[in-house]
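One structure below.
The values are calculated or read from the model by the stated rules, or taken from the named source; none is laboratory data. Because the structure is a prediction, the values reported are computed rather than measured. Glycine gets a Cβ as well: all are built from the backbone with ideal geometry, and neighbour counts include every protein chain shown.
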Amino acid sequence: MGDGGREADVVVVGAGYAGLSAARRLVDAGLDVVVLEARGRVGGRVWSETTQAGALVDHGGQWIGPGQHHLQAWADELGVTTFPTFSDGANVEIRDGRRHLFTGLVPTSDREGSADAVAALLELDLLAQEVPPEEPWTHPDADALDRRTLGEWVVSEVGSPAARAMITTATLGVFGAEPCELSLLYALAYAHGGGSMSALLRTAGGAQERRFHGGAQQMAVRVAEALGDRVVLDAPVSSVRLEPGRVSVTADRTTPDGHRRPWRVDAARVVVAIPPATQGRIAFDPPLPGRREQLVQRSPMGSVTKVHAVYERPFWRDEGLSGQVVADAGALRLVFDDSPDDASHGVLMGFLAGHEDRILDGSGSAGRAAIALAELAAAFGPTAGSPLEVVEQHWSAEPFTRGGPVACLGPGVLTGCGPALREPVGPVHWAGTETAAAWSGYIDGAISSGLRAADEITAALGRPARQGA
Amino acid sequence: MSDVATAEELAEAYRDWRVRCNANPRLAKMLRGWDRTVHLVTSDTGEGYTLSVAGSVLGELRSGLVGAPDLVVTATSEDFTDLFWGDLNPSEKYLNGEIVLAGSSEDVMRLDAMSMVAFLDQ
């Protein structure tokens, strides 16, 4: 096919952790694989960058916690080490505009409200244990659970306004979405897939327990390096044509002279390993089944911006503060100490999520930074308002992810379209963290989804599946 | 090195905690339908204790490991005592691995939440 394309056994769309995981597994099985990546980098929603001030920040996924065995296996294999997320000292709670200090998971300024929030989390976690994350739609009460939003459940089950605010903050941090935007069934399945909602919220002992020396993207970079020229960057896929016995995938590839030209890969199978919201931008011919199309249309991404404020040093530690903030209102509802392990810089990272993220879209980077710094100064004093620099990643405006951290399914989607999440359509297989039962929305779920899709293909093509990560 | 609490000190602290827990309507709601036998094991002194939850009520602390436990909690004698006096946030100790819970995920979740609420309601 010359420079107009090539042939392969399998095309993988997307070089995030899911696509790379699938590609590696398929190559190990002896298959000829091409990975088409829209961006000029690999890693997808995981992107590490050194700022102008010299601090390494993770713009996207960055943590690893207990039970994330697939990601841990990659780290071990690639020699990437981790360190605990800094959490020594007191956390800051901002409630009704006032600053309080607390230790542990739950703010304590309103003890009634906090106790209500803990009781509600327990109720959610006990409900979640009954929802099978692999097939939530098979739960005996799936229809009822999927007809309600998490927000409706909170309104009916949680009396205290402070507790409601805490659960909203937690939801924004986990999903990048408001409780009213999420199906209760989806939220429960998601929580069970990561152990429990409490586990998703925790630093020590939870999903935010550890970070990676050198950033979370480097494992993707190293796997891509090993895959070599099988990984094609700057090649957003525009169409997938299904023909008898083969599939033709066309990308708008940027040539060395800077022009964009269609580049076609013909293969036996394709793994689509990009977020559902971006799958809708690929023209499938013939069109996908209606339920699959509906699933894609009804899987909007969460809304999140990660804001990093970089300082010469983590000055808040001198005052016995952990750097963590929980706020009941405002732009930054959750803040973490994101400083490097050697504390060579001080870095505070905040999530701007959900409705507030969308409202502040028009403010631009400078406007969002000003608001973020004012809130950091309220939590940590005036020094926090004068960082060396502020960097942000506004995922909602990122064309190849369109939001983050994960797709947020509203009422009726899982029971109506859930089986289409992973069900192959002819030679088209689906990967991506949204398709994972365990740790959906996390890097670990992305890796396992790629392995599952690869194993579907090796089974279909009669190749021996390889065990392991 | 941490201090060692005597069996009497631990039992006295538990008695006080039990009274407060059983008088807490929120905890009663959280314990509804959760009838369990819990073993407490002190990692420093090697003592064993048994407590039962039945009908949303915490029972008396018995010396020795009695019956088949649904849940086993291991901590130092001082941590148990401090926990019952409300001088220790069990979540932090649990997360740091200084308090170890062994049981079903539901039992661990319930005990974890219960201890957080008891702590918050101090």
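Just one residue in the set A:D341, A:D328, A:D357, A:D361 is within 14 Å of A:F86 (Cα to Cα) and acidic (D, E); that residue is A:D341. Looking at the range A:343-358, is at least one residue under 30 Å from A:L409 (Cα atoms), buried (at least 24 other Cβ atoms within 10 Å of the Cβ) and among the acidic types (D, E)? Yes, that holds for at least one residue.
Taking the range A:55-101 and the strands (runs of 3 or more DSSP E) fully enclosed by it, the elements with 1 or more residues that are out of contact with any Ser or Thr (no Cβ under 9 Å at 6 or more places or on another chain) are at A:82-84, A:90-95.
Put simply, of B:A28, B:A75, B:A23 the only residue that is closer than 27 Å to A:T103 by Cβ, free of Cβ contacts under 8 Å to residues at least 12 places away in the same chain and among the hydrophobic types (A, V, I, L, M, F, W, C) is B:A23.
Do we find a residue being more than 14 Å from chain A (Cβ to nearest Cβ) and farther than 25 Å from A:A128 by Cα anywhere in the range B:87-98?
Looking through the range B:87-98, none of the residues is more than 14 Å from chain A (Cβ to nearest Cβ) and farther than 25 Å from A:A128 by Cα.
How many of the residues in the range A:111-132 are surrounded by fewer than 20 Cβ atoms within 10 Å (Cβ to Cβ), more than 8 Å from chain B (Cβ to nearest Cβ) and within 13 Å of A:P161 (Cα to Cα)? Show your work before the answer.
As a first pass, look at the range A:111-132 and keep what is surrounded by fewer than 20 Cβ atoms within 10 Å (Cβ to Cβ): A:111-112, A:123, A:126, A:129-130, A:132.
Remaining after also requiring more than 8 Å from chain B (Cβ to nearest Cβ): A:112, A:123, A:130, A:132.
In the following step, the residues that additionally are within 13 Å of A:P161 (Cα to Cα) were identified as A:112.
Qualifying residue count for the region: 1.
When the range A:287-305 is filtered for residues that are in contact (Cβ under 8 Å) with a residue 40 or more places away in the chain, in a loop (DSSP other than H, G, I, E, B) and over 20 Å from A:C180 (Cα atoms), the ones remaining, listed by number, are A:L288, A:P289. Got at least one residue in the range B:28-43 being surrounded by 20 or more Cβ atoms within 10 Å (Cβ to Cβ) and out of contact with any Ser or Thr (no Cβ under 8 Å at 6 or more places or on another chain)? Within the range B:28-43, one or more residues are surrounded by 20 or more Cβ atoms within 10 Å (Cβ to Cβ) and out of contact with any Ser or Thr (no Cβ under 8 Å at 6 or more places or on another chain).
Only residues that are assigned to a loop (DSSP other than H, G, I, E, B), aliphatic (A, V, I, L, M) and more than 19 Å from A:P399 (Cβ to Cβ) were counted across the range A:258-276, and they come to 1.
Test A:R24 against the criterion of being among the basic types (K, R) and surrounded by 24 or more Cβ atoms within 10 Å (Cβ to Cβ), and give yes or no. Answer is yes for this residue. Taken together, A:S198, A:S183 contain a single residue that is within 14 Å of chain B (Cβ to nearest Cβ) and crowded, with 18+ Cβ neighbours inside 10 Å, which is A:S198.
Of the numbered criteria (1) surrounded by fewer than 22 Cβ atoms within 10 Å (Cβ to Cβ); (2) within 14 Å of chain B (Cβ to nearest Cβ); (3) modelled with pLDDT of 95 or more, the one A:H192 fails is (1). Of the residues making up the range A:136-179, those that are polar (S, T, N, Q) and part of a helix (DSSP H, G or I) are A:T138, A:S156, A:T168, A:T169, A:T171. Evaluation of B:G46 against the conditions (1) on the phi > 0 side of the Ramachandran plot; (2) within 11 Å of the chain's Cα centre (by Cα) shows that the sole unmet condition is (2). The strands (runs of 3 or more DSSP E) found wholly in the range A:208-257 and carrying at least 1 residues that are in contact with a strand residue (DSSP E or B) (Cβ under 9 Å, 6 or more places away or on another chain), within 30 Å of A:D88 (Cβ to Cβ) and in contact (Cβ under 8 Å) with a residue 40 or more places away in the chain occupy A:210-212. Among the residues making up the range A:137-163, those that are of a type outside the set (G, A, S) and without any contact (Cβ under 8 Å) to a residue 12 or more places away in the chain are A:T138, A:P140, A:D141, A:V155.
Applying the criterion of at least 2 residues that are of a type outside the set (A, V, I, L, M, F, W, C) and modelled with pLDDT of 85 or more to the helices (runs of 4 or more DSSP H) found wholly in the range B:34-122 leaves B:77-85.
The rows are residues; the columns are (1) on the phi > 0 side of the Ramachandran plot; (2) in contact with a helix residue (DSSP H, G or I) (Cβ under 8 Å, 6 or more places away or on another chain).
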residue	(1), (2)
A:R368	no, yes
A:A378	no, no
A:P382	no, no
A:V390	no, yes
A:Q393	no, no
A:R402	yes, yes
A:V413	no, yes
A:C417	no, yes
A:A420	no, yes
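Listed residues A:D96, A:D76, A:D88; which is more than 12 Å from chain B (Cβ to nearest Cβ), surrounded by fewer than 19 Cβ atoms within 10 Å (Cβ to Cβ) and touching a residue at least 12 places away in the same chain (Cβ under 8 Å)?
A:D96
Number of residues in the range A:133-150 that are closer than 20 Å to A:A199 by Cα and away from chain B (no Cβ under 14 Å): the value is 3. Can A:T82 be described as surrounded by 14 or more Cβ atoms within 10 Å (Cβ to Cβ), among the polar types (S, T, N, Q) and within 13 Å of chain B (Cβ to nearest Cβ)? Against the criterion (surrounded by 14 or more Cβ atoms within 10 Å (Cβ to Cβ), among the polar types (S, T, N, Q) and within 13 Å of chain B (Cβ to nearest Cβ)), A:T82 does not qualify. Can you pull out the residues in the range A:209-248 that are under 20 Å from A:D341 (Cβ atoms), modelled with pLDDT of 95 or more and surrounded by fewer than 22 Cβ atoms within 10 Å (Cβ to Cβ)? Passing the criteria: A:R210, A:H213, A:G214, A:Q218, A:V221, A:R222. Are any residues in the range A:436-448 buried (at least 24 other Cβ atoms within 10 Å of the Cβ) and either part of a loop (DSSP other than H, G, I, E, B) or out of contact with any strand residue (DSSP E or B) (no Cβ under 8 Å at 6 or more places or on another chain) (or both), and if so, which ones? Those that are buried (at least 24 other Cβ atoms within 10 Å of the Cβ) and either part of a loop (DSSP other than H, G, I, E, B) or out of contact with any strand residue (DSSP E or B) (no Cβ under 8 Å at 6 or more places or on another chain) (or both): A:A436, A:W439, A:S440, A:G441, A:Y442, A:G445, A:I447, A:S448. Residue check: B:S63 meets all listed conditions (1) touching a residue at least 40 places away in the same chain (Cβ under 8 Å); (2) within 14 Å of chain A (Cβ to nearest Cβ); (3) in contact with a Gly (Cβ under 9 Å, 6 or more places away or on another chain); (4) of a type outside the set (A, V, I, L, M) but one, namely (2). Test A:V106 against the criterion of being among the aliphatic types (A, V, I, L, M) and within 9 Å of chain B (Cβ to nearest Cβ), and give yes or no. Considered against the rule, which asks whether it is among the aliphatic types (A, V, I, L, M) and within 9 Å of chain B (Cβ to nearest Cβ), A:V106 comes out as yes.
With respect to the conditions (1) of a type in the set (S, T, N, Q); (2) surrounded by 17 or more Cβ atoms within 10 Å (Cβ to Cβ); (3) away from chain B (no Cβ under 14 Å), A:S160 falls short on a single one, namely (3).
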